Amino acid sequence: MKPLQASSGDLNADRRADYAEMLFASGDHAQAAELLLGALELAPQWAMGWFRLGEMQETSGRVDLAAQAWTMSLQLDPADRQGAALNLQLIGKAPAVDALPSAFVETLFDHYAESFDESLVDRLEYRLPEVLDRAIRAARPGRFALALDLGCGTGLMGQRLRPIVDRLEGYDISARMLRKARAKGAYDFLDKADLQNFVHAGPKADLVTVADVFIYVGALSGVVKTIAGLLVRDGLFAFSVETLAGDGDFVLLPSRRYAHAQHYVRDVLAANGFSILSLEPTVIRQDRGQPVSGLVVVARAPNSG
């Protein structure tokens, strides 16, 4: 993927960068990296150009040079909109982080908002809202007075929830995704918010959904504790995770998504007082032609009778 900031601000640098992309697409990865490095000599403050250079260097097998480029990108853009710190972690050049940088997630979804539904549903066979909706209805038939859809995106989950909810609120980090959700008309209220420091001033909810969002959060204890405080007595918490097949509690995958172990999900829920009503394996989506395995979970709020 070319940098989200397509222009360096220098016409000559941009021309070299475009030619570098042509070389890269043709398979000449090393030469493409050399040409992009030349472009960066003309535009040394282009953080996203440095990030792209890192990708080219890694593809050409020069991991140390990739690390240098991503380190430079991170220095120029400390908010890390491209996710340089994640790539450094994946090649063993930086310590593990507990969640993706908020600026990276926001930039990613602002960038893909226009094509998000088509890509996810039509091409990647994304059916998670349907599966999560069925799990919620099986756990508790009937209506909910208030539901909070955290990380609501373009509103795919909200469209499923609307028939069983009196008031539906959606929150997302991406303003462009929220605009798409607003156009669907499923929500009574939408607002921009970061799940990692989410605060809700309104009444407590009967249902909180977090559909395909924990793939951007590794350590779940903090956010699950927050969600426990959002729910009324006997309220439901419905969410999904990608499944970790190996050892450990959670891991950042090469896809730059987190996968979580089933035992870790159970432990975090129990530590925050939740009772699991259902925990079922599912296929979340396709990725490069392969099914992505996950878990769909419905849990009951703490202090329930």
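The values are calculated or read from the model by the stated rules, or taken from the named source; none is laboratory data. If you're wondering where the values come from, they're calculated on a predicted model, not measured in any experiment. Every residue, glycine as well, gets a Cβ built from its backbone with ideal geometry; the counts of neighbours run over all protein chains shown. Just so you know, the surface numbers come from the protein's heavy atoms only, side chains and all, with ligands and any DNA or RNA stripped out. Shrake-Rupley method; radii C 1.70, N 1.55, O 1.52, S 1.80 Å.
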Please enumerate, by chain and number, the lysines with C-alpha under 18 Å from the C-alpha of K192, excluding those fewer than 8 residues away in the same chain. K180, K184
Measuring with a 1.4 Å probe in the full set of protein chains, what accessible area per residue, in whole Å², belongs to segment 1-160? 47
Rounded to the nearest 0.05, what FRET efficiency do D234 and R179 have when you use their Cβ-Cβ distance and R0 = 35 Å? 0.55
Here the FRET efficiency for M22 versus R127, based on Cβ atoms and R0 = 45 Å and rounded to 0.05, is 0.75
Nonlocal amide H pairs with G170, under 5 Å, H built at 1.01 Å: D149, F189, L190, D191
Calculated FRET efficiency for the pair N12/K192, C-beta based, R₀ 30 Å, to 0.05: 0.20
Treating the beta-carbon of each Lys and Arg as +1 and of each Asp and Glu as -1, no other charges, what is the dipole magnitude of the chain about its Cα centre, to the nearest 20 debye? 980
Mind listing the long-range amide H neighbours of I276? Cut-off is under 5 Å, sequence gap 5 or more, other chains count too, H placed in the peptide plane at 1.01 Å from N. R300
How many angstrom lie between the Cα centre of segment 111-164 and the Cα centre of segment 223-276? 18
Roughly speaking, what is the stretch gain from Q45 to D287, that is 0.36 nm per residue apart minus the C-alpha to C-alpha distance, in nm to one decimal? 83.7 nm
Per principal axis, largest first, the Cα atoms of the chain extend in Å by 66, 42, 35
I need the phi-derived Karplus couplings for segment 278-295: 6.51 cos²θ - 1.76 cosθ + 1.60, θ = phi - 60°, integer Hz, Gly and Pro marked x. 7, 8, 10, x, 7, 9, 6, 6, 9, 9, 6, x, 10, x, 9, 7, x, 10
From the helices alone, meaning DSSP H stretches of at least four residues, give me the mean residue ellipticity at 222 nm for the chain, per-run term -39500 (n - 2.57), in deg cm²/dmol to the nearest 500. -12500 deg cm²/dmol
Residue-by-residue Karplus 3J(HN,Hα) for segment 271-277, coefficients 6.51, -1.76, 1.60, Hz, glycine and proline x: 5, 9, x, 7, 10, 7, 8
Which whole-number value in Å³ per residue fits the convex hull of the alpha carbons of segment 116-157? 73
What do you get for Rg/Rh over segment 1-121 if you use C-alpha atoms and the Kirkwood form of Rh? 0.97
List the residues, sorted by chain then number, that are 5 or more residues from D234 or on another chain and whose placed amide H is less than 5 Å from its amide H. A301, S304, G305
Could you please state how large a percent of the accessible area of the chain is carbon and sulfur, counting protein chains only and using a 1.4 Å probe? 50
What does the convex hull of the Cα atoms of segment 99-192 come to per residue, in Å³, rounded to a whole number? 103
Enumerate the lysines that K225 could reach by cross-link, defined here as Cα to Cα under 18 Å, with residues fewer than 8 away along the same chain left out. K204
Of all beta bridges DSSP finds with both residues in the chain, what is the antiparallel percent, to the nearest 5? 50
Would you kindly derive the ³J(HN,Hα) couplings of segment 204-217 from the backbone phi angles with the Karplus curve 6.51 cos²θ - 1.76 cosθ + 1.60 (θ = phi - 60°), listing them in order in whole Hz, with x for Gly and Pro? 6, 9, 8, 8, 10, 10, 9, 9, 6, 10, 5, 5, 9, 10
